[in-house]
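Remarks on the structure that follows.
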Amino acid sequence: MPQYNQPLVSIITVVYNNSTHIRGAIESVFSQDYPRIEHIVIDGGSTDGTVKIIEEFGDMISFFLSEPDEGIFDALNKGIVRSHGEIIGILHSDDLFCDKHVVSDVIQKLRDTDTELCFSDLVIVDEVSGKVMRYVRAHYFRRWMLRIGFFPPHPTMFLKRSIFDEFGLYSKKFQIAGDFDFIIRVFYGRKINWVYLNRITVKMKSGGLSNSGLSNKILCSKEIHESLRMNNIFTLYFFQVGRYLIRMMEFLIKPAKKIM
């Protein structure tokens with residue numbers, strides 16, 4: 001398909017003091033074979049050399065901002081409002097696209113199904129060995145699962161910017177569950193036309209904020225409960241047991257194909 005017929009895709013990367021991995025994330029975006037991508041990089045005022053690495057890429061990055069922020073969701077909001085794409089995706093500084101066809105496959109799926117939002121599977125790998133620790137599958141997602149705190153893997157989501165125009169940006173009220181809160185507002189706001197892409201698209205390094213340490217897990221559960229309550233969705237803390245049962249299965253199931 002001619003390039004001018006392809007929608008512009010904005011990939012937003014937020015980072016703070018991650019000089020170890022930021023280069024890989026940026027190169028992962030540039031490796032994509034999709035012809036129309038703008039890469040927005042928002043840095044929280046890093047002091048460890050991250051900014052210097054980002055600046056090495058020069059004009060290859062469409063927009064770069066480095067300044068203090070109020071957390072990851074504030075940084076994501078800065079990226080969204082500065083983006084121009086019809087479709088918006090997120091690649092965190094610890095993450096990589098699994099291959100060069102990810103964005104092309106997602107956009108083709110959105111076009112073929114005439115949907116507003118697409119999500120897929122991801123793997124969480126050990127930072128040192130690269131071994132797959134968890135295989136996060138999304139094919140069984142149903143809206144009712146949001147009541148137990150389960151939602152499709154946020155780093156795999158690509159959505160039309162019109163959804164942000166309609167439902168607003170990420171709430172800065174939440175330290176960890178801002179992505180969950182946004183998805184709750186979207187899926188319970190109206191009937192969303194979404195589609196699942198049956199493939200692994202993102203490789204995430206272990207140690208994410210919501211999974212690092214007992215205190216963060218407790219905070220995440222509290223914020224999920226608070227988001228459901230704020231959005232007038234009945235829930236009990238006990239319901240979140242279901243989410244952890246699903247997580248346990250993710251440690252047992254492994255991808256059929258080797259992840260490069």
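Can you tell me which residue within the stretch 9-55, out of those that are polar (S, T, N, Q) and touching a Leu at 6+ places or on another chain (Cβ under 7 Å), is nearest to HIS101 (Cα to Cα)? Only one residue tops the list, namely SER28.
Test ILE61 against the criterion of being surrounded by 22 or more Cβ atoms within 10 Å (Cβ to Cβ) and touching a strand residue (DSSP E or B) at 6+ places or on another chain (Cβ under 9 Å), and give yes or no.
Details: surrounded by 22 or more Cβ atoms within 10 Å (Cβ to Cβ): no; touching a strand residue (DSSP E or B) at 6+ places or on another chain (Cβ under 9 Å): yes.
No: the conditions fail for ILE61.
Among the conditions (1) in a strand (DSSP E or B); (2) farther than 20 Å from PRO155 by Cβ, SER46 misses just one, which is (1).
Please work out if VAL128 is touching a helix residue (DSSP H, G or I) at 6+ places or on another chain (Cβ under 8 Å) and hydrophobic (A, V, I, L, M, F, W, C). For VAL128, the condition - touching a helix residue (DSSP H, G or I) at 6+ places or on another chain (Cβ under 8 Å) and hydrophobic (A, V, I, L, M, F, W, C) - is not met.
Taking the conditions exactly as written (of a type in the set (D, E, K, R), closer than 25 Å to LEU219 by Cα and open to solvent by 60 Å² or more (accessible area, probe 1.4 Å)), does ARG147 satisfy them or not?
Working: of a type in the set (D, E, K, R): yes; closer than 25 Å to LEU219 by Cα: yes; open to solvent by 60 Å² or more (accessible area, probe 1.4 Å): yes.
Yes: the conditions hold for ARG147.
Of all residues in the stretch 125-144, which are under 22 Å from GLY189 (Cβ atoms) and surrounded by fewer than 17 Cβ atoms within 10 Å (Cβ to Cβ)? The answer is ARG142, ARG143, TRP144.
Taken over the stretch 64-93, the residue count meeting the criterion of being open to solvent by less than 20 Å² (accessible area, probe 1.4 Å) and in a loop (DSSP other than H, G, I, E, B) is 4. Report yes if some residue within the stretch 185-200 is crowded, with 21+ Cβ neighbours inside 10 Å, closer than 26 Å to ASP99 by Cα and of a type in the set (Val, Ile, Thr); otherwise report no. Yes: the stretch 185-200 contains one or more residues that are crowded, with 21+ Cβ neighbours inside 10 Å, closer than 26 Å to ASP99 by Cα and of a type in the set (Val, Ile, Thr).
Evaluate the following for HIS101: is it in contact (Cβ under 8 Å) with a residue 40 or more places away in the chain, open to solvent by less than 60 Å² (accessible area, probe 1.4 Å) and either of a type outside the set (Ser, Thr, Tyr) or closer than 19 Å to ILE192 by Cβ (or both)?
In short, no.
Looking only at residues that are of a type in the set (Ser, Thr, Tyr) and loosely packed, with under 15 Cβ neighbours inside 10 Å in the stretch 204-252, which one is modelled with the lowest pLDDT? Even if it seems obvious, please write down each step before you answer.
Of the residues in the stretch 204-252, the ones of a type in the set (Ser, Thr, Tyr) are 206, 210, 212, 215, 221, 227, 235, 237, 244.
Still in the running and loosely packed, with under 15 Cβ neighbours inside 10 Å: 212, 215, 237, 244.
Numbers: SER212: 57, SER215: 84, TYR237: 68, TYR244: 62.
Residue satisfying both the conditions and the ranking: SER212.
Among the candidates GLY89, GLY79, GLY24, GLY44, single out the residue that is over 14 Å from the mean Cα position of the chain (by Cα), within 22 Å of ASP181 (Cβ to Cβ) and of a type outside the set (Val, Ile, Thr). Give the derivation first.
Values: GLY89 fails: over 14 Å from the mean Cα position of the chain (by Cα); GLY79 fails: over 14 Å from the mean Cα position of the chain (by Cα); GLY24 fails: within 22 Å of ASP181 (Cβ to Cβ).
Going through GLY89, GLY79, GLY24, GLY44 in turn, the sole match is GLY44.
Filter the stretch 113-133 down to residues that are more than 14 Å from THR156 (Cβ to Cβ) and either aliphatic (A, V, I, L, M) or at pLDDT 90 or above (or both), then give me how many there are.
Number of matching residues: 8.
Count of the stretch 75-87 residues, restricted to those that are in contact with a strand residue (DSSP E or B) (Cβ under 6 Å, 6 or more places away or on another chain) and over 24 Å from ILE53 (Cα atoms), is 2.
For the stretch 158-172, enumerate the residues that are within 14 Å of ASN77 (Cα to Cα) and touching a residue at least 24 places away in the same chain (Cβ under 8 Å). Give the steps one after another, and end with the answer.
Pass one, the stretch 158-172, residues within 14 Å of ASN77 (Cα to Cα): 161, 163-165, 167-172.
ARG161, ILE163, PHE164, LEU169, TYR170, SER171, LYS172 - these are the residues of the stretch 158-172 that are within 14 Å of ASN77 (Cα to Cα) and touching a residue at least 24 places away in the same chain (Cβ under 8 Å).
The values are calculated or read from the model by the stated rules, or taken from the named source; none is laboratory data. Note that the structure is a prediction, hence the values are computed from the model and not measured. All Cβ positions, even for glycine, are placed from backbone atoms using ideal geometry, and neighbour counts span all protein chains on display. The area values use the complete protein model at the heavy-atom level, side chains included, leaving out ligands, DNA and RNA. Shrake-Rupley method; radii C 1.70, N 1.55, O 1.52, S 1.80 Å.
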